[in-house]
1. Could you state the principal axis extents of the C-alpha atoms in segment 267-325, from the largest down, to the nearest angstrom?
2. Residues with beta-carbon under 15 Å from that of ARG273, excluding ARG273: net charge, scoring Lys, Arg +1 and Asp, Glu -1?
3. What does the charge add up to near LEU72, with Lys and Arg as +1, Asp and Glu as -1, over the other residues with Cβ less than 13 Å from its Cβ?
4. Hey, which of these cross-link pairs are over 19 Å Cα-Cα: LYS70/LYS119; LYS37/LYS205; LYS32/LYS311; LYS119/LYS190; LYS205/LYS353?
5. Given labels modelled 7 Å from the Cα in the Cβ direction, how far is it in nm from ALA38 to TYR317?
6. Scan [x] 20.1, 65; [y] 21.2, 65; [z] 19.6, 74 for the value of Rg and Dmax of the Cα atoms in Å calculated from this model and give just the label.
7. If the viscosity is 1.306 mPa s and the temperature 10 °C, what translational diffusion coefficient in µm²/s does Stokes-Einstein give for segment 49-135 when Rh comes from Kirkwood over Cα pairs?
8. Step by step: find N for segment 189-346, compute 2.2 N^0.38 Å, then divide the Cα radius of gyration by it. What's the final number?
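All of the numbers you see were taken from the coordinates with simple rules; none came from a lab. The structure presented is a predicted model; accordingly, all values stated were derived computationally and were not measured. Positions of Cβ are backbone-derived with ideal geometry, glycine not excepted, and every protein chain shown enters the neighbour counts.
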Amino acid sequence: MTIRTFTNSYIRLHDTMHEQRKSDHIRINLEKDVDFKAITTGLETYRFLPQALPDINLSQIDTTVDFFGKTLALPLLISSMTGGTESAYQINRLLAEAAEHHQVAMGVGSQRAALVDDKLAYTFQIRDFAPTAVLMANLGAVQLNYGYTVESCRRTVEMLEADALILHINPIQEAVQPEGDTNFANLLSKIEQVCRQLSVPVIAKEVGWGFAEDTVRQLSNAGISAIDVAGSGGTSWSQVEMYRAETEIQRRVAATFVDWGIPTAEAIIAAKRGAPNLPIIASGGLRNGLEIAKTITLGATVAGMAGPFLKAADNSYQTVLDEIEITHQELRVAMFGIGVDSIAKLQQTDRLKRVV
């Protein structure tokens, strides 16, 4: 067997498992308690100092922000969740329509399976439903060590007609998965190649455990265009994988890491120190517009939410629209309550105080 034949066989086998894994992930996130048990986002330790005389008109507050060459109505990203199955397509289509309606950004789940099986590509092809929204393609960075190339990344972007590519980085999740890909050796140099050769911005994204300051610095030096910190405090993917475990040993190992990681608030601050000039996407356990306001003041450009939108999408399109609208209104009220009328001023305010 040639190396090429072996590699192609390996990819096909793993992408068959990938499709089942994605179905499992949706089901478990909707049905099980997969939150961190001891670690929180850390955002509860920060409070805004209220301004009882805000000296602004609530109706004139501007929450728009520029993001990858487009204007978002508010600094919100519907974070990457799913793809690769028919049910995932229905979720992605619904979320894309909502993102277009409210003019927010959206990422899709890993597109790995669709790179091999063209029949799955449609589950990610949502540009027609969001013609002007910021859409971000997605591939696991570790796949660059498993037969995937810069050209694979280019195909991923073209499949979605994406404005940017997310390379998600998830060593702990891979380590506790029954079928995890755990060869992270020399990965940074391959990420650098992608950043240099791809025509769209490349975002480095954790999946819920956060990046440390030195890691952010390494990624910035490699040419990454933005950092999605995806800190701890929301969904614990070791818990998700615990429910997928095939043996008691796997289950216990996965359960051990339920509280691994860097809380989201700390991860934002670390990213700001590690790469002061890079846009930061704050995600990891965010649940409302007030928390988004806190992340913007801590240093983020936009904030990502996944769990609330997955649950909303499981209900109805209107529920997703309502969730975005509620989040928007919460953000606006938070800004009104401290007397700032633009995202730029929210980023510069000194009214966010550490209280614990």
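1. The Cα atoms of segment 267-325 stretch 40, 16, 15 Å along the principal axes, largest first.
2. Here the charged neighbours net out to -1.
3. With Lys, Arg at +1 and Asp, Glu at -1, the neighbours total -3.
4. LYS70/LYS119; LYS37/LYS205; LYS119/LYS190; LYS205/LYS353
5. The modelled label-to-label distance comes out at 4.6 nm.
6. Comparing each candidate, only [z] matches the computed number.
7. Details: Rh = 14.5 Å.
Here the translational diffusion coefficient equals 109 µm²/s.
8. Ratio of Rg to 2.2 N^0.38 Å for segment 189-346: 1.15.
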